[in-house]
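Notes to accompany the following structure.
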Amino acid sequence: MASTLQKFIHSLDLRALPRVLQIQSGIYCQDSIYEMFGNEFSLSTEDVIKVIGFKINKLIASICENNEVSQFSAKVELPLNFPGLYKVVADKTPYVSIEEIARKVSIGPTRFGHPSFFSAKDIKLENFTIKHDEQITLNSVEEVHGIMAVNCVVVRNNQSHSFNLPLSQEGEFYECEDDQIYTLKEIAEWKIPKGRNRIVKLSTTLHMWDSSSPLPENFDGCLILMPVYEVQAVMKFRKDIIHILSDLDVEVKDVTDHYDISSFLQPLSLEDIFEKTSKEFPMVAQIMEGPSGNQKPYNLLSTGKEIVIYKKYQAARVLASEMRSDSSKRHYLIPMSYKGKFKRRPREFPTAYDLEIVRNEKERLHVVATKAFTSPHKELFSVSVGDQFLVQQCQTSEVLYEGGKKLIDVLACEQILSDSYKKVLLPMYLEGGFVEVVHDKKQYHLSEICKEFNLPFNVKVSVRDLSIEKDILAAAPGLQFEEEITDSYLLISSASSPVESWEIPVYRLNMLVHLLSKDVQTVAPPVTRTTVEEVSEEEYYMLRRYENLTLHPPPRPPKKPT
């Protein structure tokens, strides 16, 4: 049965991919030529394409009044990077089963992928009853004893209770209110159910309004968002990926069950390659869709190029950010193979507690106070701007408190006077400001800094890496090394001229390849070139978010006594 491409995509479950479609009719028939994202191709009646993926490309927005499109509102296109932060309005239309929720709602490993629902009626499980109107958080879809189910959590009396709901569970399920704020891109990727529109309320504007904005000046109301999908597909006699917008006026028919799907090329993402066993490496692949970017090696990975993939592995990187006061701060991932050298730069500390965190047994921390502090206890020291201290250790001290004596945490320091030192105690809750005085003039390699000092650590490039054609770190006014992370990489080289190899990140590079049945001429990879990877603001926060999931945060600084 034929349907419009839009209707087909709206009803399609991502888990059912790939699907083979036959073009039935529409504007793009009769050998028409269509160009999208630089790909020119023709779609004719009875042509066959294999759909391998789809994602939201843009949003059609209408101003919303009382959960309905305003009769005075024109539809406007909003790109996914349109500025602003938005709150999601809970959908009032119920879902009739857990299977419908799993099929239409994004459930995944990040914080965006844990939607919450409530049931209109109590649900009795084997040893647990979910009360009506109780918030149910959905964490993951998994197979339990041969039955597909959703792993869920409810919180009662500050205690989490985990359980599984089978996809076959029927009922009347409603979205819970969501008090988080999101960018349009986050909403498009995680918060628009398949086959439904989404109402959002503008929470915060990120930029001043101008006349080119598609929204009215001072707009602070609700929008109804309708997604337009970009469909990724393969044609039988092409070696690249074609992109089609779902709102094209074309009818299609699903012929997957009557077609040999293996007759198409099999596109593989870098994640697919990484999941292969180590014994399957090295391998030769041809790029079907290359990444964007002018930085090496991305500018070498063009569509149609053949590459050798030697191995997969985990590698350490240091996440660094430029030291700037403005918002144009750039972020980098620096490999341990970086051959440049660094000199230390002063660090800034907002509290005495921060001084204790970075204190190092190998050297005494020397700081200057940048903010005055008057101690409420005569036993503890009051700080003036310009006071200099050598930090010693954390200890406890007795102070008079409400007529009695009380033990509190303090930081023992030596105040530097003109010709002597004075032992003083600073309260750990001291909210002042300190700047480090750096006496160390030594130049360090990256590996030495990670071994000898605690991060975060401030530096400036003193000797650039001469093996890199353009060392982007050398131009930075200063860098803060924030944390050491471990990430997944593939080692690749050009198949035609394997004079050097490159590490490419598995989870930050959008690239599709198909494997070739060719033997690798040299099993040993050529010399590996060092690449400093610049990451976007979004990638930076995702890296910090995932890395910090495995770390326990330090205890909060002690509160100032009342």
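List the aspartates and glutamates whose Cα lies under 18 Å from the Cα of Lys276, skipping any in the same chain that are fewer than 8 positions away. Here the aspartates and glutamates satisfying the reach criterion relative to Lys276 are Asp487, Glu503, Asp519. On a per residue basis, the stretch 445-529 carries 49 Å² of accessible surface, using protein heavy atoms and a 1.4 Å probe.
So for the stretch 348-436, taking the charge dipole from beta-carbon charges (+1 Lys/Arg, -1 Asp/Glu), which of Ser382, Tyr421, Val399 sits furthest toward the positive end? It is Val399, whose Cα lies furthest towards the positive end. Here the sum of -39500 (n - 2.57) over DSSP H runs of 4 or more residues, divided by the residues of the chain, equals -2500 deg cm²/dmol at 222 nm, to the nearest 500. With all pairs of different C-alpha atoms in the average, the Kirkwood value for the hydrodynamic radius of the stretch 348-436 is 13.2 Å.
May I ask for the longest run of the chain untouched by GluC sites (Glu not before Pro) that are loop-located per DSSP and have at most 12 neighbouring C-beta atoms (other than their own) within 10 Å?
It works out to 470-562.
Over 19 Å between Cα atoms, which of Lys371/Lys405; Lys185/Lys312; Lys279/Lys311 qualify? The answer is Lys371/Lys405; Lys185/Lys312. Against the chain, whose longest principal axis comes from its Cα atoms, helix 537-549 is set at around 70 degrees. Once the 1.4 Å probe is applied to the protein heavy atoms, the stretch 78-216 comes out at 55 Å² accessible per residue. Within the stretch 334-377, the proportion of C-alpha pairs whose separation exceeds 18 Å stands at 51%. Considering only alpha-carbon pairs that sit under 8 angstrom and 6 or more positions apart, the relative contact order computed for the stretch 72-132 is 14 percent. Dividing the mean sequence gap of close Cα pairs (under 8 Å, 6+ apart) by how many residues the stretch 355-511 holds gives a relative contact order of 16 percent.
Sites listed here are trypsin sites (Lys or Arg not before Pro) in the stretch 387-455 whose DSSP assignment is loop and whose Cβ has at most 14 other Cβ atoms within 10 Å: Lys441, Lys442.
Computing mean projected area of the Cα convex hull in nm² for the structure here picks out one of (i) 35.5; (ii) 28.0; (iii) 25.9, namely (i). Pop out the carbon and sulfur fraction of the accessible area of the stretch 78-216 as a percent, whole number, probe 1.4 Å. With neighbouring chains kept in place, the figure for the stretch 78-216 is 50 percent. Would you work out the relative contact order for the chain, in percent, from Cα pairs under 8 angstrom that are 6 or more residues apart? Relative contact order here is 15 percent. For the stretch 390-543, the direction-averaged projected area of the alpha-carbon convex hull comes to 16.4 nm².
Across the stretch 493-548, the convex hull enclosing all Cα atoms gives 130 Å³ per residue.
Stokes-Einstein at 25 °C, 0.890 mPa s, Kirkwood radius from Cα pairs: D for the stretch 78-216 in µm² s⁻¹?
D, rounded to a whole number, is 149 µm²/s.
A 1.4 Å probe run over the protein chains yields, for the stretch 348-436, 54 Å² of accessible area per residue, whole-number rounding. Annotation for the stretch 45-141: chymotrypsin sites (Phe, Trp or Tyr not before Pro) lying in DSSP loop with at most 14 further Cβ atoms inside 10 Å of their Cβ are Phe72, Phe128. Within the straight-line cut-off of under 13 Å between alpha carbons, the aspartates and glutamates reachable from Lys451 are Glu483, Glu484, sequence neighbours fewer than 8 places apart in one chain being disregarded.
The values are calculated or read from the model by the stated rules, or taken from the named source; none is laboratory data. All values reported here derive from a predicted model rather than from experimental measurement. In this analysis, Cβ positions are derived from the backbone assuming ideal geometry, glycine residues included, and neighbour counts consider all displayed protein chains. Please note that ligands, DNA and RNA were not included when accessible areas were found on the heavy atoms of the full protein model with its side chains. Shrake-Rupley method; radii C 1.70, N 1.55, O 1.52, S 1.80 Å.
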